[in-house]
Amino acid sequence: MELKPQDTLLVLKYWSLKLDGGESSVRSISEAIGISPGEVSKGAKRLMTAHLAVERSGKVFAETGALLEWLCYGIRYAYPQESVGYGRGIATS
């Protein structure tokens, strides 16, 4: 499974809930970040597959070490900048 850009926002939300001790229900998370409950559930599964989150006693928690590594080094490799080379452009005199 390939991570989507919204999964980074989702794992950051799980991390902030871990720090605050807030409720991590699918409905409350979907309302907080503005995506559908189905996408929250699918995103949580993608995050667990990528080992950025774990499920303990029915709740999803962010793995802090993996999250920090992902934010520092992984994002630029997962969503690379595409360079297409030189284009025709506008002729100069």
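Since every read-out is calculated from the coordinates, none of them should be taken as a lab result. Treat the numbers as computed from the prediction; the structure is a model and nothing was measured. Positions of Cβ are generated from backbone atoms using ideal geometry, with glycine treated the same way; all protein chains shown enter the neighbour counts.
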Report relative contact order for the chain in percent, whole number only (criteria: Cα-Cα under 8 Å, sequence separation at least 6).
28
Dipole of the chain [Lys/Arg +1, Asp/Glu -1 at C-beta], most positive-end residue of 22, 8, 65
8
What is the Cα centroid distance between region 71-86 and region 1-64, reported in whole angstrom?
23
With eigenvalues of the C-alpha gyration tensor scaled by 5 and rooted, the chain, Å
34, 15, 12
Rounding to the nearest 10 and keeping the result within 0 to 90°, find how far the Cα-based axis of helix 5-20 lies from the longest principal axis of the chain.
40
So how tilted is helix 37-49 from the main axis of the chain? Cα-based, degrees 0 to 90, rounded to 10.
80
